[in-house]
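Inspection log for the structure reproduced underneath, given as structure tokens.
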Ligand SMILES: Cc1cc2nc3c(=O)[nH]c(=O)nc-3n(C[C@H](O)[C@H](O)[C@H](O)COP(=O)(O)O)c2cc1C
């Protein structure tokens, strides 16, 4: 059924070539259940937010906004920097949310994941990201949370996920996100 097919737009808030958060995003894309596709957003050319450009944004921003707008849900995989989300994670949210009359976040089902090299797996960054839901009308899934600590031990040299327990967690997370997205979409009909 076409109604059961879901496309999620996903991005990792890191520009680093060997980003663990991008590895996690790609592992999630690979683990997607039947009927679910995760499209990775290219954020490499997204500039810092500048309100002067809001009425005539660069093509990279136009493309980004359209990809989020047309997706059934948004998957944000954020690093934790200085106890909060990275600037790269935030700049995407800024462009997506403006202008306010045309925010592509409004009403969007969304899920948060994150990987860090420390033990706590982006717990503070994820909490900070949730605050945004109180400003923008974005529907973040509450449970389960996906926090990957000690990321260097979880991925191999080619960026592949090597932790079997985590693989099972990814599947459960995506099943829950698919259900969450369907619930929000039906509620808003
Ligand atoms: C500026 C900066 C601040 C950081 N602050 C934290 C932090 O508060 N908590 C944490 O767990 N890791 C912190 N880290 C370590 C990151 O978890 C680590 O660099 C991780 O690899 C970043 O994600 P990435 O691999 O996707 O780029 C910080 C790293 C940087 C560069």
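The values are calculated or read from the model by the stated rules, or taken from the named source; none is laboratory data. All values reported here derive from a predicted model rather than from experimental measurement. For neighbour counting, all protein chains shown are included, and Cβ atoms are generated from backbone atoms with ideal geometry for every residue, glycine included.
Looking at residue 177, is it within 16 Å of the ligand (Cβ to nearest atom), touching a strand residue (DSSP E or B) at 6+ places or on another chain (Cβ under 8 Å) and modelled with pLDDT of 95 or more? Answer is no for this residue. If residue 128 satisfies all but one of (1) surrounded by fewer than 22 Cβ atoms within 10 Å (Cβ to Cβ); (2) under 20 Å from residue 27 (Cα atoms), what's the number of the condition it fails? Going through the list (1) surrounded by fewer than 22 Cβ atoms within 10 Å (Cβ to Cβ); (2) under 20 Å from residue 27 (Cα atoms), residue 128 breaks only (2). Of all residues in segment 34-48, which are surrounded by 18 or more Cβ atoms within 10 Å (Cβ to Cβ) and part of a loop (DSSP other than H, G, I, E, B)? Listed by number, the residues that qualify are 41, 43, 46.
For segment 58-109, a residue qualifies if it is buried (at least 23 other Cβ atoms within 10 Å of the Cβ) and within 13 Å of the ligand (Cβ to nearest atom), and the qualifying residues are 76, 77, 78, 79, 80, 85, 89. Pairing residues of segment 1-22 that are over 13 Å from residue 177 (Cα atoms) and part of a loop (DSSP other than H, G, I, E, B) with residues that are at pLDDT 95 or above and near the ligand (Cβ under 7 Å from one of its atoms), at Cβ distances under 7 Å and at least 6 apart in sequence or on separate chains, gives 13/21; 13/79; 14/21; 14/22; 14/79; 19/12.
From the list 187, 130, 150, the one residue that fits, being more than 17 Å from the chain's Cα centre (by Cα), under 15 Å from residue 113 (Cα atoms) and without any contact (Cβ under 8 Å) to a residue 60 or more places away in the chain, is 150. In segment 23-33, of all residues being under 15 Å from residue 174 (Cα atoms) and part of a helix (DSSP H, G or I), the one that is farthest from the ligand (Cβ to nearest atom) corresponds to 30.
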